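Written out below as structure tokens is the structure these notes cover.
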Amino acid sequence: MKSAIRTFLFVGRPGSGKETQARLLGQVTGYPVFSTGEKFRELREHRDELGYRVREAYDTGKLLPSWFAEYLVTDVLLKHSSHAGIIFEGSGRSLDEAEFIHEVLTWLGRPYTVIDLHISSEEAARRQLTRAQSGARPDSNTEAKVALRLREFEERTAPAIAYFKEKGVVVAIDGERPIEEIHEDIVKRFGIV
């Protein structure tokens, strides 16, 4: 791999393909993928107070508290060698989280890139409802939950992406193309072989 960047963050509207593209990039680079959404879904299954609290927020389509996501990201970064690559999916979902992640990565001396998978609100809604038909995503199984998730994206995540843009670390990718075409675009942009 030629890219000097060893830390990637995938952001975008719900349903934009962050998890899929992060996994594909991980396969090519050998970097582990940390997904806050996956971690939240794992914690949601716990039959304890933490599981109940996560389930309560997650199942209604709300974002979990920023401090919780920040804790999970910090825990992973501090346990991961600063010389080894890592891919984050779903981190930096609010301005607070974005500022926090930038501060931590800068302090650790880890250059990073934010890959913004851009899709329209209409496409995001369509994908979420289609995906929820499998029954695996209670956070987006109704139009009301999808609308809430998209509103939370505009209110919370869009400002985070704007912050990352100010830092000059965002690469915008058209996320409305076929999966493999998007993956090839990402690989080419970063000179990953």
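The values are calculated or read from the model by the stated rules, or taken from the named source; none is laboratory data. Owing to the predicted nature of the structure, the values given are computational and were not obtained by experimental measurement. Glycine also receives a Cβ, built like all others from the backbone with ideal geometry; neighbour counts cover every protein chain displayed. Just the protein is used for accessible areas: all its heavy atoms, side chains included, with ligands, DNA and RNA removed. Shrake-Rupley method; radii C 1.70, N 1.55, O 1.52, S 1.80 Å.
For the range 20-50, name all the residues that are touching a Gly at 6+ places or on another chain (Cβ under 7 Å) and either hydrophobic (A, V, I, L, M, F, W, C) or touching a residue at least 40 places away in the same chain (Cβ under 8 Å) (or both).
Residues satisfying the conditions are Thr29, Tyr31, Pro32, Val33, Ser35, Thr36, Gly37, Leu43.
I need the full set of residues from the range 67-97 which are more than 13 Å from the chain's Cα centre (by Cα), surrounded by 19 or more Cβ atoms within 10 Å (Cβ to Cβ) and polar (S, T, N, Q), in order please.
Those that are more than 13 Å from the chain's Cα centre (by Cα), surrounded by 19 or more Cβ atoms within 10 Å (Cβ to Cβ) and polar (S, T, N, Q): none in the range 67-97.
Can you spot a residue in the range 103-115 that is modelled with pLDDT of 95 or more, polar (S, T, N, Q) and surrounded by 14 or more Cβ atoms within 10 Å (Cβ to Cβ)?
Looking through the range 103-115, at least one residue is modelled with pLDDT of 95 or more, polar (S, T, N, Q) and surrounded by 14 or more Cβ atoms within 10 Å (Cβ to Cβ).
From the list Pro32, Pro14, exactly one residue is at pLDDT 90 or above and either in contact with a Ser or Thr (Cβ under 6 Å, 6 or more places away or on another chain) or open to solvent by less than 30 Å² (accessible area, probe 1.4 Å) (or both). Which is it?
Of the residues listed, the single one that is at pLDDT 90 or above and either in contact with a Ser or Thr (Cβ under 6 Å, 6 or more places away or on another chain) or open to solvent by less than 30 Å² (accessible area, probe 1.4 Å) (or both) is Pro14.
Restricting to the range 112-135, give me the number of residues that are more than 23 Å from Leu25 (Cα to Cα) and of a type in the set (A, V, I, L, M, F, W, C).
So the answer is 3.
When you go through (1) open to solvent by 50 Å² or more (accessible area, probe 1.4 Å); (2) more than 12 Å from Gly92 (Cβ to Cβ) one by one for Ile192, which number turns out not to apply?
Failed condition: (1).
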